[in-house]
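Below: the structure, in structure tokens.
Since every read-out is calculated from the coordinates, none of them should be taken as a lab result. This is a predicted model, so every value here is computed, not measured. Glycine also receives a Cβ, built like all others from the backbone with ideal geometry; neighbour counts cover every protein chain displayed.
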């Protein structure tokens, strides 16, 4: 354990660990000035992700969350250019029946909802081609799924998941590895 320097308040010191997670993730993503960033989740790490992405020169930062208040905070403080509210109370549209003639599995339904949310977010954000860097800051599976769908198709940068099923100190780096034949029937 280390002591905080005298000029550092306990509140500032408490931000050191989450800030290091964000800085590490953005370094791994190789954020370059002018790139676009989409942040899923606007809790403490998500807000820091928005702030640091702006400070490092992202040309556009957008965020999605289920909490309108947090989204409004990021917008009011200039941390995001666009926000998308994921409405989890909305009744999903009826499931479509796949070509195979069977009802979708819960996993397929979850992926479909994530894709639909991603499509709506891209529309609201005016980014039909997706974002260069996506940071998943919630640790929620459906959020990570949505992150896959908001990425730019030719994105070379990985999806950065700061909490997904891992300890807070870990970063999951997901590069393109989806098999089209497995996902084609969901489109």
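A simple spin-label model places the labels of residue 44 and residue 120 3.0 nm from each other, with each point 7 Å out along Cα-to-Cβ. Among 57-68, 41-52, the peptide with the highest mean count of other Cβ atoms within 10 Å heads the list, and the full ranking is 41-52, 57-68.
Per 0.36 nm of contour for each residue apart, how much would the distance between residue 55 and residue 129 grow if the chain were fully extended, relative to their Cα-Cα spacing?
Length difference between fully extended and current span is 24.3 nm.
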